[in-house]
Amino acid sequence: ARLWEPYDSAKAAKYLDAAKASYDAYKTHWKEYTSAEASNKQSLYPPLDQAIGGGAYGDTDSKDDAYWAACELYATTGDSKYYDDLASYDKSFQVLSNLVGGENKGSFGSFNWGNTSSCGSLSLYLNQDKLTQLTDANKKSIVDSMKAAADLYVEKENAQGYGIPYEGAEYSDPVNLPADLVIKGYEWGSNSFVINNAMIMAYAYDETDDIKYMNGVATAMDYIFGRNPLSVSFVTGYGSYAISRPHHRYWSNELDKTLPMAPDGVMSGGPNAGLQDPYVRALGFVPGDEDNASQRCYVDSIEAWSTNEVTINWNSPFAWVVSFMQDEAAEADGEIETDPTTTTDPTTPSTNPSEDPSDDPSEQDPSTTAAPTGSVDPSVDYIYGDVNLDGAVSVADIAKLSKFIANGDIYPVGNGDAVSENQAKVQANVAYDEAIDSIDLNKLIEYCLNNIQKSQLGPQ
(Lines give C-alpha, C1' and ligand atoms only; values in the text may rest on other atoms or scores of the structure.)
Protein backbone atom coordinates (compact mmCIF):
# COMPACT_ATOMS: atom_id res chain seq x y z
CA ALA A 1 0.00 0.00 0.00
CA ARG A 2 2.82 2.43 0.85
CA LEU A 3 4.60 1.73 -2.43
CA TRP A 4 1.48 1.99 -4.59
CA GLU A 5 0.01 5.12 -2.97
CA PRO A 6 1.86 7.67 -5.15
CA TYR A 7 0.83 5.85 -8.34
CA ASP A 8 -2.60 4.29 -7.77
CA SER A 9 -4.39 5.34 -4.60
CA ALA A 10 -7.36 3.03 -5.26
CA LYS A 11 -5.14 -0.04 -5.51
CA ALA A 12 -3.21 1.12 -2.42
CA ALA A 13 -6.46 1.40 -0.46
CA LYS A 14 -7.49 -2.10 -1.58
CA TYR A 15 -4.19 -3.54 -0.40
CA LEU A 16 -4.35 -1.73 2.93
CA ASP A 17 -7.92 -2.94 3.56
CA ALA A 18 -6.80 -6.51 2.89
CA ALA A 19 -3.83 -6.11 5.24
CA LYS A 20 -6.02 -4.79 8.04
CA ALA A 21 -8.60 -7.56 7.55
CA SER A 22 -6.02 -10.34 7.63
CA TYR A 23 -4.36 -8.88 10.72
CA ASP A 24 -7.73 -8.65 12.46
CA ALA A 25 -8.41 -12.28 11.54
CA TYR A 26 -5.11 -13.27 13.14
CA LYS A 27 -5.99 -11.46 16.36
CA THR A 28 -9.44 -13.06 16.42
CA HIS A 29 -8.40 -16.65 15.84
CA TRP A 30 -4.85 -17.04 17.10
CA LYS A 31 -4.34 -18.62 20.48
CA GLU A 32 -1.11 -19.85 22.05
CA TYR A 33 -2.13 -23.26 23.30
CA THR A 34 -0.56 -24.74 26.38
CA SER A 35 0.64 -28.32 25.94
CA ALA A 36 -2.46 -29.57 27.80
CA GLU A 37 -4.80 -27.57 25.59
CA ALA A 38 -2.98 -28.52 22.44
CA SER A 39 -3.51 -32.22 23.11
CA ASN A 40 -7.26 -31.65 23.01
CA LYS A 41 -7.39 -29.29 20.06
CA GLN A 42 -6.55 -29.61 16.42
CA SER A 43 -3.51 -27.44 15.71
CA LEU A 44 -4.00 -24.51 13.39
CA TYR A 45 -0.52 -25.16 11.99
CA PRO A 46 -0.23 -27.44 8.95
CA PRO A 47 1.34 -30.86 9.56
CA LEU A 48 4.97 -31.14 8.53
CA ASP A 49 4.48 -34.48 6.78
CA GLN A 50 2.23 -32.96 4.10
CA ALA A 51 5.06 -32.13 1.74
CA ILE A 52 4.40 -34.20 -1.38
CA GLY A 53 5.62 -32.23 -4.39
CA GLY A 54 7.05 -29.37 -2.36
CA GLY A 55 8.46 -28.32 0.97
CA ALA A 56 6.40 -28.48 4.14
CA TYR A 57 7.55 -25.00 5.17
CA GLY A 58 7.29 -26.04 8.80
CA ASP A 59 6.61 -23.10 11.10
CA THR A 60 5.04 -23.51 14.52
CA ASP A 61 5.29 -19.92 15.67
CA SER A 62 3.25 -17.12 14.13
CA LYS A 63 4.17 -14.38 16.62
CA ASP A 64 7.13 -13.21 14.55
CA ASP A 65 4.87 -12.91 11.50
CA ALA A 66 2.31 -10.97 13.53
CA TYR A 67 5.05 -8.62 14.78
CA TRP A 68 6.19 -7.99 11.21
CA ALA A 69 2.60 -7.37 10.11
CA ALA A 70 2.04 -4.94 12.99
CA CYS A 71 5.27 -3.11 12.10
CA GLU A 72 4.17 -2.71 8.48
CA LEU A 73 0.68 -1.58 9.44
CA TYR A 74 2.08 0.92 11.93
CA ALA A 75 4.59 2.22 9.37
CA THR A 76 1.74 2.62 6.86
CA THR A 77 -1.03 4.01 9.05
CA GLY A 78 0.66 5.46 12.14
CA ASP A 79 -2.19 3.94 14.17
CA SER A 80 -1.10 3.52 17.81
CA LYS A 81 -2.96 0.22 18.21
CA TYR A 82 -0.44 -1.43 15.92
CA TYR A 83 2.42 0.09 17.87
CA ASP A 84 0.96 -1.27 21.11
CA ASP A 85 0.79 -4.74 19.57
CA LEU A 86 4.31 -4.76 18.16
CA ALA A 87 5.81 -3.30 21.33
CA SER A 88 4.48 -6.29 23.31
CA TYR A 89 6.44 -8.82 21.24
CA ASP A 90 9.31 -10.32 23.22
CA LYS A 91 11.86 -9.61 20.44
CA SER A 92 10.58 -6.20 19.41
CA PHE A 93 13.00 -3.54 18.13
CA GLN A 94 15.72 -6.12 17.48
CA VAL A 95 17.62 -7.42 14.47
CA LEU A 96 18.47 -11.03 15.27
CA SER A 97 21.55 -13.07 14.37
CA ASN A 98 20.32 -16.50 15.49
CA LEU A 99 17.13 -18.08 14.17
CA VAL A 100 15.21 -20.64 16.19
CA GLY A 101 11.79 -22.16 15.55
CA GLY A 102 10.06 -24.18 12.86
CA GLU A 103 12.72 -25.63 10.57
CA ASN A 104 15.51 -23.51 12.09
CA LYS A 105 17.46 -24.71 15.10
CA GLY A 106 20.06 -22.01 15.59
CA SER A 107 20.59 -20.78 12.02
CA PHE A 108 23.31 -18.14 11.58
CA GLY A 109 21.24 -15.33 10.13
CA SER A 110 18.91 -12.42 10.77
CA PHE A 111 15.80 -13.50 8.86
CA ASN A 112 14.37 -15.97 6.37
CA TRP A 113 10.91 -17.06 5.27
CA GLY A 114 10.22 -18.77 8.61
CA ASN A 115 11.71 -16.15 10.95
CA THR A 116 10.55 -12.69 9.97
CA SER A 117 10.68 -10.46 13.04
CA SER A 118 13.91 -8.74 11.94
CA CYS A 119 12.08 -7.66 8.77
CA GLY A 120 9.59 -5.81 10.96
CA SER A 121 12.36 -4.09 12.91
CA LEU A 122 14.02 -3.02 9.65
CA SER A 123 10.74 -1.51 8.41
CA LEU A 124 10.52 0.53 11.61
CA TYR A 125 14.13 1.63 11.11
CA LEU A 126 13.48 2.69 7.51
CA ASN A 127 10.34 4.67 8.43
CA GLN A 128 11.46 6.00 11.82
CA ASP A 129 11.26 9.68 10.92
CA LYS A 130 7.47 9.59 10.55
CA LEU A 131 6.63 7.21 13.41
CA THR A 132 5.84 9.43 16.39
CA GLN A 133 5.58 6.71 19.02
CA LEU A 134 8.89 5.18 18.15
CA THR A 135 11.11 6.34 21.02
CA ASP A 136 14.80 7.12 20.94
CA ALA A 137 15.33 3.95 22.98
CA ASN A 138 13.40 1.93 20.39
CA LYS A 139 15.49 3.37 17.57
CA LYS A 140 18.75 2.79 19.43
CA SER A 141 17.77 -0.82 20.14
CA ILE A 142 17.21 -1.49 16.45
CA VAL A 143 20.42 0.23 15.33
CA ASP A 144 22.57 -1.35 18.06
CA SER A 145 21.30 -4.86 17.32
CA MET A 146 21.66 -4.32 13.57
CA LYS A 147 25.28 -3.23 13.99
CA ALA A 148 25.95 -6.11 16.38
CA ALA A 149 24.63 -8.60 13.81
CA ALA A 150 26.66 -6.95 11.04
CA ASP A 151 29.79 -7.05 13.21
CA LEU A 152 29.21 -10.75 13.79
CA TYR A 153 28.95 -11.38 10.05
CA VAL A 154 32.12 -9.40 9.31
CA GLU A 155 33.91 -11.31 12.06
CA LYS A 156 32.74 -14.61 10.57
CA GLU A 157 33.99 -13.56 7.12
CA ASN A 158 37.41 -12.67 8.51
CA ALA A 159 37.67 -16.02 10.29
CA GLN A 160 37.07 -18.10 7.15
CA GLY A 161 39.26 -18.70 4.16
CA TYR A 162 36.53 -17.92 1.64
CA GLY A 163 35.07 -14.98 3.55
CA ILE A 164 31.48 -16.17 3.81
CA PRO A 165 29.22 -14.48 6.40
CA TYR A 166 27.57 -17.76 7.34
CA GLU A 167 28.22 -20.99 9.18
CA GLY A 168 26.35 -24.28 9.27
CA ALA A 169 24.04 -25.60 11.96
CA GLU A 170 22.88 -28.88 13.43
CA TYR A 171 19.44 -29.81 12.18
CA SER A 172 17.20 -32.66 11.07
CA ASP A 173 14.75 -33.08 8.20
CA PRO A 174 12.28 -35.84 9.09
CA VAL A 175 10.23 -35.15 5.95
CA ASN A 176 13.05 -35.97 3.52
CA LEU A 177 15.58 -37.86 5.66
CA PRO A 178 15.50 -40.42 8.48
CA ALA A 179 14.02 -38.79 11.57
CA ASP A 180 17.02 -39.65 13.75
CA LEU A 181 19.62 -38.31 11.29
CA VAL A 182 21.31 -35.12 12.49
CA ILE A 183 22.93 -33.01 9.78
CA LYS A 184 25.90 -30.88 10.76
CA GLY A 185 26.62 -28.31 8.11
CA TYR A 186 25.12 -25.91 5.60
CA GLU A 187 21.34 -25.67 5.43
CA TRP A 188 19.06 -25.85 2.41
CA GLY A 189 19.43 -22.57 0.51
CA SER A 190 22.67 -21.62 2.25
CA ASN A 191 23.29 -18.87 -0.30
CA SER A 192 20.14 -17.14 0.91
CA PHE A 193 21.70 -16.76 4.36
CA VAL A 194 24.79 -15.25 2.72
CA ILE A 195 22.66 -12.72 0.84
CA ASN A 196 20.29 -11.91 3.72
CA ASN A 197 23.26 -11.35 6.03
CA ALA A 198 24.83 -9.13 3.36
CA MET A 199 21.68 -6.98 3.53
CA ILE A 200 22.23 -6.43 7.25
CA MET A 201 25.83 -5.36 6.60
CA ALA A 202 24.55 -3.02 3.88
CA TYR A 203 22.12 -1.37 6.29
CA ALA A 204 24.93 -1.06 8.85
CA TYR A 205 27.01 0.69 6.20
CA ASP A 206 24.17 3.10 5.43
CA GLU A 207 23.87 3.87 9.14
CA THR A 208 27.58 4.29 9.92
CA ASP A 209 29.51 4.84 6.65
CA ASP A 210 32.02 2.36 8.07
CA ILE A 211 33.87 0.84 5.13
CA LYS A 212 34.20 -2.52 6.89
CA TYR A 213 30.50 -3.15 6.28
CA MET A 214 30.76 -2.27 2.60
CA ASN A 215 33.74 -4.61 2.32
CA GLY A 216 31.68 -7.23 4.14
CA VAL A 217 28.94 -7.02 1.51
CA ALA A 218 31.51 -7.22 -1.28
CA THR A 219 33.16 -10.25 0.30
CA ALA A 220 29.82 -12.03 0.58
CA MET A 221 29.19 -11.36 -3.10
CA ASP A 222 32.69 -12.63 -3.94
CA TYR A 223 31.67 -16.02 -2.53
CA ILE A 224 28.43 -16.05 -4.51
CA PHE A 225 30.20 -15.10 -7.76
CA GLY A 226 32.91 -17.73 -7.57
CA ARG A 227 35.35 -17.28 -4.72
CA ASN A 228 34.45 -20.61 -3.19
CA PRO A 229 35.92 -24.15 -3.11
CA LEU A 230 34.15 -25.04 -6.35
CA SER A 231 35.34 -21.88 -8.16
CA VAL A 232 31.82 -21.62 -9.56
CA SER A 233 29.52 -18.64 -9.78
CA PHE A 234 26.16 -19.56 -8.29
CA VAL A 235 24.56 -16.99 -10.62
CA THR A 236 23.62 -18.01 -14.16
CA GLY A 237 25.47 -16.15 -16.88
CA TYR A 238 27.99 -14.38 -14.65
CA GLY A 239 31.56 -15.51 -14.06
CA SER A 240 34.14 -17.65 -15.85
CA TYR A 241 32.40 -20.79 -14.59
CA ALA A 242 28.73 -20.23 -13.83
CA ILE A 243 25.84 -22.57 -13.07
CA SER A 244 23.39 -23.11 -15.93
CA ARG A 245 20.89 -25.81 -14.90
CA PRO A 246 18.99 -24.68 -11.78
CA HIS A 247 16.00 -26.65 -10.50
CA HIS A 248 12.98 -24.93 -12.05
CA ARG A 249 9.70 -26.02 -13.62
CA TYR A 250 10.01 -23.87 -16.75
CA TRP A 251 13.76 -23.32 -17.23
CA SER A 252 14.00 -27.05 -17.93
CA ASN A 253 16.08 -27.32 -21.08
CA GLU A 254 18.21 -30.01 -19.45
CA LEU A 255 15.19 -32.34 -19.50
CA ASP A 256 13.21 -30.97 -22.44
CA LYS A 257 15.00 -29.16 -25.25
CA THR A 258 11.77 -27.37 -26.24
CA LEU A 259 11.91 -25.48 -22.94
CA PRO A 260 14.31 -22.59 -22.27
CA MET A 261 17.56 -22.41 -20.37
CA ALA A 262 17.55 -20.19 -17.29
CA PRO A 263 18.17 -16.52 -18.12
CA ASP A 264 21.24 -14.73 -16.83
CA GLY A 265 21.12 -13.45 -13.27
CA VAL A 266 19.43 -16.31 -11.39
CA MET A 267 21.01 -17.29 -8.05
CA SER A 268 20.92 -20.91 -6.90
CA GLY A 269 20.29 -21.87 -3.28
CA GLY A 270 23.72 -23.48 -3.26
CA PRO A 271 25.52 -25.99 -1.05
CA ASN A 272 23.36 -28.06 1.29
CA ALA A 273 24.77 -30.68 3.65
CA GLY A 274 21.31 -32.30 3.88
CA LEU A 275 21.65 -33.65 0.31
CA GLN A 276 18.00 -34.70 0.30
CA ASP A 277 17.38 -35.50 -3.36
CA PRO A 278 18.11 -38.89 -4.96
CA TYR A 279 20.14 -37.35 -7.80
CA VAL A 280 22.95 -36.10 -5.57
CA ARG A 281 22.92 -39.37 -3.62
CA ALA A 282 23.32 -41.31 -6.86
CA LEU A 283 26.48 -39.32 -7.46
CA GLY A 284 27.93 -40.63 -4.20
CA PHE A 285 26.97 -37.94 -1.71
CA VAL A 286 25.90 -39.36 1.65
CA PRO A 287 23.69 -37.20 3.91
CA GLY A 288 25.07 -36.93 7.42
CA ASP A 289 28.59 -38.07 6.51
CA GLU A 290 30.88 -36.15 8.85
CA ASP A 291 33.55 -36.06 6.13
CA ASN A 292 31.31 -33.97 3.88
CA ALA A 293 32.68 -30.48 3.26
CA SER A 294 29.54 -28.35 3.28
CA GLN A 295 30.76 -25.88 0.68
CA ARG A 296 31.25 -28.76 -1.78
CA CYS A 297 27.81 -30.32 -1.23
CA TYR A 298 26.49 -28.98 -4.51
CA VAL A 299 25.52 -30.24 -7.97
CA ASP A 300 24.47 -28.08 -10.92
CA SER A 301 21.54 -30.06 -12.30
CA ILE A 302 17.81 -29.54 -12.57
CA GLU A 303 17.44 -32.90 -10.80
CA ALA A 304 19.49 -31.76 -7.81
CA TRP A 305 16.60 -29.97 -6.16
CA SER A 306 18.15 -29.93 -2.69
CA THR A 307 21.23 -27.99 -3.84
CA ASN A 308 20.20 -26.19 -7.03
CA GLU A 309 16.72 -24.87 -6.33
CA VAL A 310 15.89 -21.24 -7.10
CA THR A 311 13.23 -19.28 -5.24
CA ILE A 312 11.82 -15.76 -5.32
CA ASN A 313 12.61 -15.26 -1.61
CA TRP A 314 16.29 -15.98 -2.35
CA ASN A 315 16.56 -14.03 -5.57
CA SER A 316 14.77 -10.89 -4.41
CA PRO A 317 17.40 -10.17 -1.71
CA PHE A 318 20.07 -11.05 -4.24
CA ALA A 319 18.67 -8.39 -6.58
CA TRP A 320 18.53 -5.99 -3.61
CA VAL A 321 22.22 -6.50 -2.78
CA VAL A 322 23.26 -6.15 -6.43
CA SER A 323 21.34 -2.86 -6.58
CA PHE A 324 22.93 -1.70 -3.32
CA MET A 325 26.42 -2.38 -4.66
CA GLN A 326 25.68 -0.58 -7.92
CA ASP A 327 24.29 2.43 -6.06
CA GLU A 328 26.72 2.64 -3.16
CA ALA A 329 30.00 0.83 -3.75
CA ALA A 330 31.45 3.24 -6.31
CA GLU A 331 30.81 6.16 -3.96
CA ALA A 332 32.08 4.43 -0.80
CA ASP A 333 34.48 6.76 0.95
CA GLY A 334 36.19 4.55 3.48
CA GLU A 335 39.72 4.66 4.79
CA ILE A 336 42.34 3.01 2.57
CA GLU A 337 45.65 1.59 3.62
CA THR A 338 47.79 3.57 1.19
CA ASP A 339 48.24 7.34 1.06
CA PRO A 340 47.40 8.64 -2.44
CA THR A 341 50.15 11.29 -2.14
CA THR A 342 52.90 8.66 -1.92
CA THR A 343 54.92 7.25 -4.80
CA THR A 344 53.28 4.58 -6.94
CA ASP A 345 56.50 2.58 -7.24
CA PRO A 346 55.83 -0.64 -5.29
CA THR A 347 59.54 -1.11 -4.59
CA THR A 348 59.98 2.29 -2.91
CA PRO A 349 59.01 2.88 0.73
CA SER A 350 56.44 5.55 1.50
CA THR A 351 57.89 9.06 1.79
CA ASN A 352 54.78 10.54 3.37
CA PRO A 353 53.89 8.46 6.46
CA SER A 354 50.83 9.31 8.50
CA GLU A 355 51.31 11.33 11.66
CA ASP A 356 49.09 8.80 13.44
CA PRO A 357 51.38 6.20 15.08
CA SER A 358 48.75 3.52 14.50
CA ASP A 359 49.45 3.82 10.77
CA ASP A 360 53.14 2.98 11.27
CA PRO A 361 53.64 -0.60 10.04
CA SER A 362 56.03 -1.24 12.90
CA GLU A 363 53.20 -0.52 15.35
CA GLN A 364 50.59 -2.68 13.61
CA ASP A 365 49.47 -6.17 14.49
CA PRO A 366 51.39 -8.43 12.04
CA SER A 367 48.20 -10.39 11.36
CA THR A 368 46.58 -7.28 9.87
CA THR A 369 49.58 -5.94 7.94
CA ALA A 370 49.35 -6.26 4.17
CA ALA A 371 51.78 -8.60 2.46
CA PRO A 372 54.83 -7.01 0.79
CA THR A 373 55.16 -6.79 -2.95
CA GLY A 374 57.96 -8.28 -4.99
CA SER A 375 60.89 -6.45 -6.56
CA VAL A 376 60.30 -5.40 -10.15
CA ASP A 377 62.85 -6.67 -12.69
CA PRO A 378 62.74 -4.53 -15.86
CA SER A 379 63.88 -7.51 -17.94
CA VAL A 380 60.82 -9.60 -17.03
CA ASP A 381 57.59 -9.38 -19.03
CA TYR A 382 55.08 -9.52 -16.18
CA ILE A 383 51.47 -10.72 -16.58
CA TYR A 384 49.74 -8.69 -13.89
CA GLY A 385 47.00 -10.70 -12.22
CA ASP A 386 48.62 -14.08 -12.96
CA VAL A 387 49.21 -15.00 -9.31
CA ASN A 388 49.54 -18.76 -9.86
CA LEU A 389 51.98 -18.36 -12.77
CA ASP A 390 49.96 -20.42 -15.24
CA GLY A 391 50.22 -17.81 -17.98
CA ALA A 392 46.61 -16.60 -17.73
CA VAL A 393 44.46 -14.42 -15.47
CA SER A 394 41.35 -16.20 -14.18
CA VAL A 395 39.22 -17.02 -11.15
CA ALA A 396 41.97 -19.39 -10.01
CA ASP A 397 44.19 -16.35 -9.44
CA ILE A 398 41.47 -14.76 -7.28
CA ALA A 399 41.43 -17.86 -5.07
CA LYS A 400 45.23 -17.92 -4.84
CA LEU A 401 45.43 -14.22 -4.03
CA SER A 402 42.67 -14.32 -1.41
CA LYS A 403 44.45 -17.11 0.47
CA PHE A 404 47.77 -15.28 0.28
CA ILE A 405 46.23 -12.06 1.62
CA ALA A 406 44.51 -13.95 4.42
CA ASN A 407 47.71 -15.68 5.55
CA GLY A 408 50.52 -13.48 4.25
CA ASP A 409 53.82 -15.22 3.65
CA ILE A 410 52.50 -18.32 5.40
CA TYR A 411 50.55 -19.20 2.26
CA PRO A 412 53.03 -19.09 -0.64
CA VAL A 413 52.58 -17.78 -4.12
CA GLY A 414 54.71 -18.92 -7.01
CA ASN A 415 56.21 -22.38 -7.36
CA GLY A 416 58.04 -22.62 -4.07
CA ASP A 417 61.31 -20.98 -5.13
CA ALA A 418 62.41 -17.41 -4.43
CA VAL A 419 62.46 -16.31 -8.07
CA SER A 420 58.91 -17.46 -8.90
CA GLU A 421 57.61 -16.19 -5.56
CA ASN A 422 59.01 -12.74 -6.33
CA GLN A 423 57.41 -12.81 -9.80
CA ALA A 424 54.06 -13.93 -8.37
CA LYS A 425 54.14 -11.11 -5.80
CA VAL A 426 54.86 -8.52 -8.49
CA GLN A 427 52.04 -9.88 -10.66
CA ALA A 428 49.68 -9.97 -7.65
CA ASN A 429 50.17 -6.25 -7.12
CA VAL A 430 47.54 -5.32 -9.71
CA ALA A 431 46.79 -2.00 -7.98
CA TYR A 432 50.53 -1.23 -8.24
CA ASP A 433 50.98 0.31 -4.85
CA GLU A 434 53.01 -0.44 -1.72
CA ALA A 435 51.33 -3.65 -0.63
CA ILE A 436 49.39 -6.75 -1.69
CA ASP A 437 46.02 -6.43 -0.02
CA SER A 438 42.26 -6.34 -0.54
CA ILE A 439 42.60 -3.44 -2.98
CA ASP A 440 44.47 -5.77 -5.35
CA LEU A 441 41.95 -8.55 -4.78
CA ASN A 442 38.98 -6.31 -5.55
CA LYS A 443 40.65 -5.02 -8.70
CA LEU A 444 41.40 -8.56 -9.86
CA ILE A 445 37.76 -9.52 -9.25
CA GLU A 446 36.64 -6.50 -11.26
CA TYR A 447 38.76 -7.72 -14.17
CA CYS A 448 37.39 -11.27 -13.98
CA LEU A 449 33.87 -9.82 -14.00
CA ASN A 450 34.80 -7.93 -17.21
CA ASN A 451 34.27 -4.57 -15.48
CA ILE A 452 37.79 -3.34 -16.27
CA GLN A 453 40.32 -4.03 -19.01
CA LYS A 454 43.49 -6.08 -18.64
CA SER A 455 45.49 -2.93 -19.37
CA GLN A 456 44.18 -1.53 -16.08
CA LEU A 457 46.05 -4.20 -14.09
CA GLY A 458 49.53 -3.20 -12.95
CA PRO A 459 51.37 0.04 -13.83
CA GLN A 460 49.41 2.57 -15.83
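Could you please state, rounded to a whole Å, how far the C-alpha centre of segment 52-125 is from the C-alpha centre of segment 212-243?
Value for the Cα centre distance between the two parts: 29 Å.
Pull up the DSSP beta bridges for the chain and report the antiparallel fraction as a percent, rounded to 5. Intermediate results must be reported in sequence, preceding the final value.
Numbers: 9 of 11 bridges.
The antiparallel proportion sits near 80 percent.
Could you pull out every residue, at least 5 positions away or on a different chain, whose amide H is within less than 5 Å of the one on residue 371? Hs are placed 1.01 Å off N in the peptide plane, and Pro or chain starts have none.
Those lying under 5 Å, H to H, from residue 371 are 436.
Considering amide H positions built from the backbone, and no H for Pro or chain starts, which residues 5 or more places from residue 95, or on another chain, come under 5 Å of its amide H?
Placed amide hydrogens put 145, 146 under 5 Å from residue 95.
Given a 1.4 Å probe, how much area per residue of segment 167-257 is accessible, in Å²?
On the way: 3650 Å² over 91 residues.
Per-residue value: 40 Å².
Of the accessible area of the chain, with the probe set at 1.4 angstrom, what percent is carbon plus sulfur? Intermediate results must be reported in sequence, preceding the final value.
On the way: 11880 of 23410 Å².
Result for the chain: 51 percent of the exposed heavy-atom area is carbon or sulfur.
Taking amide H atoms as placed 1.01 Å from N in the peptide plane, list the residues 5 or more away in sequence, or in a different chain, whose amide H sits under 5 Å from that of residue 309.
The answer is 247, 269, 270.
Taking the Cα centre of the chain as origin, sum charge times position over the Cβ atoms of Lys and Arg (+1) and Asp and Glu (-1), and report the length of that vector in debye to the nearest 20. Please report the intermediate quantities before stating the final value.
Working: 29 positive and 70 negative charges, 406 e Å.
About 1940 debye.
To the nearest 20 debye, what is the magnitude of the charge dipole of segment 79-184 about its Cα centre, counting +1 on the Cβ of each Lys and Arg and -1 on the Cβ of each Asp and Glu? Please list the in-between numbers first.
Values: 9 positive and 15 negative charges, 38 e Å.
Taking the Cα centre of segment 79-184 as origin, the dipole is about 180 debye.
List, in the order given, every pair from 257/454; 11/63; 140/212 whose Cα-Cα distance in the structure shown is over 30 Å. Intermediate results must be reported in sequence, preceding the final value.
Values: 257/454 37 Å; 11/63 28 Å; 140/212 21 Å.
257/454, as the Cα separations exceed 30 Å there.
Taking every pair of Cα atoms in the chain, average 1/r, invert it to obtain the Kirkwood radius, and report Rg/Rh to two decimals.
Working: Rg = 25.0 Å, Rh = 24.7 Å.
That ratio is 1.01, to two decimals.
Please compute the contact order of the chain in relative form: average sequence separation of alpha-carbon pairs under 8 Å and at least six residues apart, divided by the residue count, as a percent.
Values: 766 pairs, mean separation 43.7, N = 460.
Computed value for the chain: 9 percent relative contact order.
The values are calculated or read from the model by the stated rules, or taken from the named source; none is laboratory data. All values derive from a computational prediction rather than experimental measurement. Positions of Cβ are generated from backbone atoms using ideal geometry, with glycine treated the same way; all protein chains shown enter the neighbour counts. Just the protein is used for accessible areas: all its heavy atoms, side chains included, with ligands, DNA and RNA removed. Shrake-Rupley method; radii C 1.70, N 1.55, O 1.52, S 1.80 Å.
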